[in-house]
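Notes to accompany the following structure.
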Amino acid sequence: MDSGLAKVILEFSYLIAALSFIFGLKMMSHPRTARRGNAVAAAGMGVAILATILYLVMEDLMPMTNLGLIIAGLGIGSVAGTWAARKVPMTAMPQMVSLFNGMGGACVALISLVEVYHFHPETWDLYAYLEYGSILLGTLIGSISFSGSIIAWGKLEGKISDKWARIKGINIMNALLLLVTLGYGLYIWINGDLEFFKVLIFFGLAILYGITFVLPIGGADMPVVISLLNSFTGTAAAFAGFAYDNMAMIIGGILVGSAGTLLTILMTRAMNRSLMNVLLGAIVGGGSATDEEGEKTIKEVTPQDAAIMLAYANKVIFVPGYGLAVAQAQHALHELEKLLEERGVDVKYAIHPVAGRMPGHMNVLLAEADVPYDKLLELEQANQEFPTTDVVVIIGANDVVNPAAEQDPSSPIYGMPILQAYKAKNVIVIKRSLRPGYAGIDNPLFYMDNTRMLFADAKKAIEEIIKAIQEL
Amino acid sequence: MNVWIEFFLSNLDMIYIVILALFLGVEVISAVPTILHTPLMSGANAIHGVVIIGGIIALALAPENNFLLLTFGFLAVVLGTLNVVGGFVVTDRMLEMFKEKKKQ
């Protein structure tokens, strides 16, 4: 084994990179350390890249033209990547991630194809077959991830419609295409066939499957698909790592492959779905999509997630209603307010004139809990503040925040002035169940994109949020 | 059969590494709150950009007169860099909302 200085520097840098990926991921799964975790992983990546170039230069392994091309490629990628990542609006983040994931998948497919070119085993022993298998798997998974991610991006951008899901038998056609692709790959693998154009056909089949695999999946499920393709690219990177015998690629790839798979499962669980249900939705969801009012889905939130949203907000408004009075949650709510203020969050209360069962009901309750009077906002003041509020927490109120009063002339409460909580960036509704309020009217606010439901008794829910914030 | 036994014994280190890394990946993010799902996915996305190293090696070893390999290698470097740099920058932007606030 080569034990020169360059090799030592290289392998030691890869060790540092692998550790930085592990710690980076760990830190990224906690809100307080997430941003630093991202920086740690990025620094490790920089070390690995520099060490690789340094090694190639020190060992005199490449012509100057190639070094020039590498530096040019890194430069172009860095400038374009930074520009795209900076420019994209917050709402378009998922498709941007999908696009970057596709780039990674294409990169794996390309370097696997290059490796086919370099790969000339003297005898076809077990090692040769395993290495060729790694090359083919890297090509396959990388290609699927590439084309699938581009389709996912197009769906989220609204450039590709969901009508593909309605083609009869598309899932069966996909299964057949996958079988053909795998069968063909197996054939050239077993025969040890290294002819370049035959591998290119395999690459083409994989690209095609990536497209047809994502096409029939509904646009709303794209975040899950992106997460799945993300773990695919990780797995492909690990296979390429075996082919290149490169420890940083092996560890980084396996970590992302397994963490990405778990993350995908967690995401489907948060949607109350199974992964199969998402991927084969074209068949499974066929019957339920006929709801004439269109799809109405609510999203739930745990007290722990609510705690994080509140603790890292700049401005929070509480909207208390009759449910607060029933649960006698005013003292707990004041506790939460003080806790958030200590963390630098601006907290206010919005009081609707008819919140509760009598005018002033809420003012009395909150005064009893020693909430300072200047924290209470009246209807007009509150409605001016909502658009700049990060999180609105609605505690046992319903009709007084129902947008139907403004938007639906057929609603019995049409014309009633409401607290426009729906204008806030995020809304958390604490409520015991989905039952309509006092007026018996359904509330469209509960089904909005930026609304999260926390089904629980108001007092219990607030106490759990307080506990979760203290543990942050 | 002997081939497999020989393979197993001479690659024990790698077998252990693969299995432990698989479990580590699961373990390291098992307690992630829902609100961090998207940034974490994005961060993991940037990490698999480590294939850029493969791209650099592929381009470095491409013979000067082989236009196909030079093109593939160059594309791989550009795409891999996009994955890494774009991935980390976009993740950082998502995580800006979690920055520490100054206490009064």
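For chain A, list the DSSP H helices whose alpha carbon atoms reach 24 Å or more along the long axis and whose average Kyte-Doolittle value is 0.0 or above?
On the way: long enough: A:5-28 (34 Å, 1.65); A:34-58 (36 Å, 1.35); A:64-87 (34 Å, 0.88); A:93-118 (38 Å, 1.07); A:126-156 (44 Å, 1.06); A:170-190 (30 Å, 1.75); A:196-214 (28 Å, 2.23); A:222-244 (32 Å, 1.29); A:247-270 (34 Å, 1.65).
Sorted by number, the helices that extend far enough and score high enough are A:5-28, A:34-58, A:64-87, A:93-118, A:126-156, A:170-190, A:196-214, A:222-244, A:247-270.
Classify the stretch A:94-295 from the C-alpha gyration tensor, please: rounded if a/c falls under 1.5, else prolate or oblate depending on whether a/b exceeds b/c.
Working: a/c = 2.40, a/b = 1.78, b/c = 1.35.
Since a/c reaches 1.5 and a/b is larger than b/c, the shape of the stretch A:94-295 is classed as prolate.
Which order do the peptides A:189-200, B:49-60 take when ranked by the mean count of other beta-carbon atoms within 10 Å per residue, highest first?
Details: A:189-200: 12.8, B:49-60: 30.4.
Top to bottom by mean Cβ count within 10 Å: B:49-60, A:189-200.
Accessible surface computed residue by residue for chain A, with neighbouring protein chains in place and a 1.4 Å probe, gives 44 Å² per residue. Can you compute the FRET efficiency between A:Leu54 and B:Phe67 using 1/(1 + (r/R0)^6), with r the Cβ-Cβ distance and R0 = 30 Å? Round to the nearest 0.05. Efficiency at R0 = 30 Å is approximately 0.65. Mean residue ellipticity, 222 nm, helices only, chain A: the sum of -39500 (n - 2.57) across DSSP H runs of n ≥ 4, divided by residue count and rounded to 500, is -20000 deg cm²/dmol. For A:Lys159, the aspartates and glutamates whose Cα falls under 19 Å of its own Cα, not counting residues fewer than eight places away in the same chain, are A:Asp221.
Using only alpha-carbon positions, what ratio does the radius of gyration of the protein assembly as shown give when scaled by 2.2 N^0.38 Å?
Values: Rg = 27.2 Å, N = 576, 2.2 N^0.38 = 24.6 Å.
Against the compact-globule rule of thumb, the ratio is 1.10.
Give the shape of the stretch A:380-472 as rounded, prolate or oblate, defined through the alpha-carbon gyration tensor: a ≥ b ≥ c are the square roots of its eigenvalues, a/c under 1.5 means rounded, and otherwise the shape is prolate if a/b is larger than b/c and oblate if not. Verdict is oblate for the stretch A:380-472.
For A:Tyr187, A:Tyr422, A:Tyr349, A:Tyr129, the ranking by accessible surface with the largest value first comes to A:Tyr187, A:Tyr129, A:Tyr422, A:Tyr349, using a 1.4 Å probe.
Taking square-rooted eigenvalues a ≥ b ≥ c of the alpha carbon gyration tensor, is the stretch A:51-181 rounded, prolate or oblate, where a/c under 1.5 means rounded and, failing that, a/b exceeding b/c means prolate? Could the numbers behind the result be given before it?
On the way: a/c = 3.83, a/b = 1.22, b/c = 3.13.
Oblate is the answer for the stretch A:51-181, as a/c is 1.5 or above yet b/c matches or exceeds a/b.
Per residue, the average separation of C-alpha pairs within less than 8 Å and at least 6 apart gives the stretch A:357-472 a relative contact order of 23 percent. Near B:Gly54: Cβ cut-off under 15 Å, other residues only, Lys/Arg at +1 and Asp/Glu at -1. The net charge is -3. Contact order, relative form, for the stretch A:1-87: 28 percent (alpha carbon pairs under 8 Å, 6 or more residues apart, mean separation divided by residue count). Centre-to-centre, using Cα atoms only, the stretch A:107-122 and the stretch A:38-57 are separated by 23 Å.
Under 5 Å between amide hydrogens, built in the peptide plane, is the criterion, and for A:Met453 it picks out A:Lys299, A:Glu300, A:Val301, A:Val429 among residues at least 5 positions away or on other chains.
Summary of the geometry: the stretch A:395-416 and the stretch B:1-72, compared by the centres of their Cα atoms, lie 54 Å apart.
Along the Cα-to-Cβ line of A:Asp162, 7 Å from the Cα, sits a label point; which residues in the stretch A:204-237 have backbone N less than 15 Å from it? Hits in the stretch A:204-237 for A:Asp162 at 15 Å: A:215-225.
Of A:Lys348/A:Lys425; A:Lys375/A:Lys459; A:Lys375/A:Lys425; A:Lys26/A:Lys460, which ones are farther than 26 Å apart at the Cα? As for pairs spanning more than 26 Å Cα to Cα, those are A:Lys26/A:Lys460.
Given contacts defined as C-alpha pairs under 8 Å and at least six residues apart, what's the relative contact order of chain A, whole-number percent? Don't jump to the answer; show the numbers that get you there.
On the way: 697 pairs, mean separation 55.7, N = 472.
Relative contact order for chain A comes out at 12 percent.
The values are calculated or read from the model by the stated rules, or taken from the named source; none is laboratory data. Since the model is a prediction, treat every value here as computed from it, not as a measurement. Note that each Cβ is placed from the backbone with ideal geometry, even for glycine, and that neighbours are counted across all protein chains shown. Only protein heavy atoms, including side chains, enter the accessible area calculation; ligands, DNA and RNA are left aside. Shrake-Rupley method; radii C 1.70, N 1.55, O 1.52, S 1.80 Å.
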